[in-house]
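Undergrad: Following this message is one structure expressed as structure tokens.
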Amino acid sequence: MNPVLSSLRARQLSGVRCRTCARLLRREKRSFATASGAGDPEGDPEIYDVVCVGGGPAGLSLLAALRSHPTTSRLRLALIETQSLTPLRTFAPQPDSYSNRCSSLTPASVGFLDGIGAWRHVRRERVMSYGGMRVWDGVSGESIGFDVDGGGGGVEGVKEEREGTEGSNGGVVAYMNENVNLTSALLRRIEELGGVDILEGEKVEDIAFGEDTPTADLTSWPVITTSSGTRLAARLLVGADGANSPVRTFAGIESRGWDYNRVGLVATLKLSGPGWGGEGKKIAYQRFLPTGPVAMLPLPGNMSTLVWSTTPALAARLKSLSPEDFCAMVNAAFRLRTPDLKFLHTIEGGQKDEVSWRETHTKFSREQVPQDVVAVQPGSIASFPLKFRHADSYISQRIALVGDAAHSVHPLAGQGLNQGQGDVEALTQNIIYNVEHGADIGTRMNLEGYGKERYWRNHVLMGVVDKLHKLYATENLGVVRVRSLGLGIVDRLEGVKGWVMRRAAGERGLF
Ligand SMILES: Cc1cc2nc3c(=O)[nH]c(=O)nc-3n(C[C@H](O)[C@H](O)[C@H](O)COP(=O)(O)OP(=O)(O)OC[C@H]3O[C@@H](n4cnc5c(N)ncnc54)[C@H](O)[C@@H]3O)c2cc1C
């Protein structure tokens, strides 16, 4: 590289941005890359402002957010994702078939996704909003009802026209959506904006600090080598690479926590009757059983998505059942008493007849439970181990973690993906601020604001979710009495319920 270009590159590396320099450097980089051969492990790495490892909901949101903001739209961005993104590009689902990986998106997350131009790419006919929740204790039967309009008050954040419903947010607690519907929308938004170098089907093989080359001092810069041998140097390396984050490992950041010895059993279900698309407000149901909560959440039409947290052994038994017996067990989980459920888990088959007989001898109100499950979508039953993990820090020199790379939480409050969206929003704001002030976006000092804001907010929420799991994972009579009393009192305190509801809907504030 000639001395002029060398000094331009040095200026660029020290954070100085100038369009002419960038153009000259781009031209030089192209010729340099051609001469040394892109992907040549011996050549200088390609230099990026942000390299994001992981193309899940968190990573794709970050790239879409950076590209869509005028201040950050000129940053040089790259994505490395192990899996092929072709299924996201060609996402053309059958109308009556749904992925078993669904997440409830809070109005705050949807507001953010809308702001970065991604929400309009989501297939809206596959999203179902709900405006209330019924949560109850599987041992004592004590329950609490949440209703955005009634008990919770309005939730700011989602524009009226977004769902075509009434009220400040259409009375929405959350939007149930397939993860693939979200990620394919985010990828569409990124490709619409252009300007992100996407390395898909490539794994991060190695991350090491760079060298002091004649053209640039990369000694404090992470240099990522992918499985194809491509090398990328990052001013800021973002780990959006999930719970086993290689970026977090490289940064030497500990992630602490425990395994719950529980799995989240998921399935796509078909309900009797008009389903959730019928008259009236859509409600999500969650019953706390001693083995873990079972939740049924609305999808369009008469479809529903199940998240049943239970022990690995009971999940294995459920998976081995015939579709009819599996559906009977799901119905039983919302209706029958816990001793009945315990017995039903011990038999190898015949649950369907056993449940219908036991239902006739059990007192429950049909208005208080989800509609009958009549079928399970073939191939949709799966399970995922549940754990609590929190990284000691979200940042390090030239490193930031977002999403599950930073935290994994029990799904009982449906917050994991939403926390990731909160991280991305905060990190984007942090990068915008640094670019606007001519600061280096990758130094630890300049990332501090992001790390502090998100760590504590997530920490509080994760603590609450973990305690809820533990509180309900016991049949001890004293504990059951106290928790039922507490639930009954909260159910009568509309102000407290409103506060809980607003937190569940993602309103920023106290957490
Ligand atoms: C049963 C269940 C139900 C849930 N329900 C909800 C809910 O209702 N609401 C909610 O908010 N959250 C929910 N969650 C949590 C939510 O699914 C996760 O928090 C979210 O998917 C995490 O997104 P992410 O982008 O951070 O990580 P991931 O989705 O794990 O994405 C990480 C990406 O990184 C890639 N990657 C990994 N390693 C490498 C590498 N070495 N090189 C390149 N790429 C790599 C992976 O291929 C992947 O695409 C639920 C979770 C479970 C298990």
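Undergrad: Using θ = phi - 60° and the Karplus curve 6.51 cos²θ - 1.76 cosθ + 1.60, what whole-Hz ³J(HN,Hα) does each residue of region 342-351 get, with Gly and Pro shown as x?
TA: 4, 5, 4, 6, 8, 8, 7, x, x, 4
Undergrad: Hey, another quick one. Please rank His361, His410, fewest neighbouring Cβ atoms within 10 Å first, as an exposure proxy.
TA: His361, His410
Undergrad: Take the residue pairs Lys203/Lys452; Lys352/Lys387; Lys282/Lys342; Lys319/Lys342 and return only those whose Cα atoms are more than 20 Å apart. Before the final figure, lay out the partial values.
TA: Values: Lys203/Lys452 30 Å; Lys352/Lys387 32 Å; Lys282/Lys342 30 Å; Lys319/Lys342 16 Å.
Over 20 Å apart, Cα to Cα: Lys203/Lys452; Lys352/Lys387; Lys282/Lys342.
Undergrad: If Rh is defined by the Kirkwood formula over all Cα pairs and Rg also comes from Cα, what ratio Rg/Rh do you get for region 261-385?
TA: 0.93
Undergrad: Whole-Hz Karplus ³J(HN,Hα) for region 47-54, in order, using 6.51 cos²θ - 1.76 cosθ + 1.60 and θ = phi - 60°, x for Gly and Pro?
TA: Computed from phi, the couplings for region 47-54 are 9, 10, 6, 10, 10, 10, 9, x Hz.
Undergrad: Treat the count of other C-beta atoms within 10 Å as a stand-in for reagent exposure and order Lys270, Lys470 from fewest to most.
TA: Lys470, Lys270
Undergrad: Could you line up Thr230, Thr249, Thr428 from fewest to most neighbouring Cβ atoms inside 10 Å?
TA: Starting with the residue having the fewest Cβ neighbours, the order is Thr249, Thr230, Thr428.
Undergrad: Please list 3J(HN,Hα) in residue order for region 256-272, calculated via the Karplus relation 6.51 cos²θ - 1.76 cosθ + 1.60 where θ = phi - 60°; whole Hz, with x for glycine and proline.
TA: 10, x, 8, 8, 7, 6, 9, 10, x, 8, 10, 6, 9, 10, 10, 9, 6
Computed from the coordinates by the stated procedures, all read-outs in this text should not be read as laboratory data. Small disclaimer: the values here were computed from a predicted structure and weren't measured. So basically every Cβ, Gly included, is an ideal-geometry build from the backbone, and we count neighbours across all protein chains shown.
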